[in-house]
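A.B. asks: One structure is given below, represented as structure tokens, and several questions about it will come after.
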Amino acid sequence: MIGPLMPLKRIASLAVLILAASGCSWFASEPEDLSEHEVRLSDMFNESARLIEELNAAEARIIRDCLEDQGFAVHLEAELAMQGGGVMDGSLLDGAPHERFLVGEDQAASGAYWQWTNLPDAQASADPELWEASEADSMGLFDSEAESAVRVFLELDAEDQYAWYVAYMGEERASVIHADLIGADPDPDGDGVVQYDETPPGGCWGEMIEAVYGGAEAHEVEGEDFTDWTWEPEPPVGDGSEIEPYYLEAVAEYEGDFLDCLYDSGWGVWEFRKGYLAVNEYLVEAGEGDQARWAYEGSPGSWPEPPEDVPDEGDFEGWLEFERGFALDVVACGESSGYREAAEEAWKQAQLAYYLQIEEETYAWQETMQGLLERAQEVIAA
């Protein structure tokens, strides 16, 4: 999903020069069509994603090699995978607000909104392939292979787990963060203040940072009593404050027809809240599970009373078909009202405008990241 923290390359274009020189906003009256930049910016977004992913993998490899040199054969791979800034998937234009409720027709007819996964015995009742698809869509950090690796690590004795953490992050941090593994109290003073953050990451983690980045830098966190340590260069960040208002204004004229269509389809009176329809909360109120798979801030009161003829409690297949029928009607209304087309175009234009603002800075950031990746690869080879 795209966000204001993921930057892209430079382009010598008049649009960028005007933005940089004048500070004028593209979002002001009658924005120009920026579609001519779409392919290039998407390619550059994916290049940034590649650099982050490959550098993260190289960092993990360096740490793993260091740990194995000390005799550790089993690793908490999830911990190693979280080095650096994370991995970005997809293209520049992923992540529009409407995508959570206005899914594709194929998904509406199969997994719908995945709310059925919260029903009792859902895993046992669902088709195995459908259940696997639901897990892939979830917000979990780990895939099945990584989850398996976590289980293997947690099967180690507490002493062995603790020894791994000491080798990984250093004694000072491990003795606080993982004090439970050795029966110690991480806060013996009882003041709620832990001091592991006063020193940079140690152990193999610290050795990797020193070898690739030349060390970590300390930053006092404003308003907090702890220190933040950084080592990777921060990507350029543009001003994304106008993206949401622009998007909401662009789709507003289509909302009425969309909601009228839902009403005519028998789903009652709905309201949009910041571009969202609270479909999962509605399904919970109907009786499909007791927790919404997705929830939106400020959404209560935006959905109608569910119909009275909902499936019986425990009727898994009935609930699945109920959710699918609802999702298919939502999708059909999104198409017939023109809402989906308007939303996709508005989100695309807003995202293109955002990344055009920071292309030049991103080009330099990518060069720095490429140099660090080459350095990390040299460390691995050595």
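The values are calculated or read from the model by the stated rules, or taken from the named source; none is laboratory data. On a predicted model such as this, the values are computed, not experimentally measured, just so you know. Don't worry about glycine lacking a Cβ; one is built from the backbone with ideal geometry, like all the others, and counts go over all protein chains shown. Calculation scope for accessible area: heavy atoms of the full protein, side chains included, ligands and nucleic acids excluded. Shrake-Rupley method; radii C 1.70, N 1.55, O 1.52, S 1.80 Å.
A.B. asks: Peptides 348-358, 168-178: what's the order by average Cβ count within 10 Å, highest mean first? If you can, show how the numbers build up before the last one.
C.D. replies: Numbers: 348-358: 22.9, 168-178: 19.2.
Averaged packing, sorted descending, gives the order 348-358, 168-178.
A.B. asks: Using a 10 Å cut-off on Cβ atoms, rank the peptides 108-115, 304-311, 37-44 from the highest mean neighbour count down.
C.D. replies: Working: 108-115: 21.8, 304-311: 12.4, 37-44: 17.6.
Those peptides, ordered most packed to least, come out 108-115, 37-44, 304-311.
A.B. asks: When the Cα centres of segment 289-338 and segment 339-369 are compared, how far apart do they sit, in Å?
C.D. replies: One Cα centre to the other: 33 Å.
A.B. asks: Still on this structure, please answer the following. Show Y263, Y276 ordered by accessible area, largest first, where the area counts protein heavy atoms only and the probe is 1.4 Å. Could the numbers behind the result be given before it?
C.D. replies: Details: Y263 135, Y276 70 Å².
Descending accessible area places them as Y263, Y276.
A.B. asks: Moving on. With all protein chains present, calculate the accessible area of D260 using a 1.4 Å probe and round the result to the nearest 10 Å².
C.D. replies: That residue has around 90 Å² of solvent-accessible surface.
A.B. asks: While we're on this one: Order the peptides 56-67, 208-219, 277-288 from the highest to the lowest mean number of other Cβ atoms within 10 Å of their residues.
C.D. replies: Working: 56-67: 20.1, 208-219: 15.9, 277-288: 22.3.
My ranking of the peptides, most packed first, is 277-288, 56-67, 208-219.
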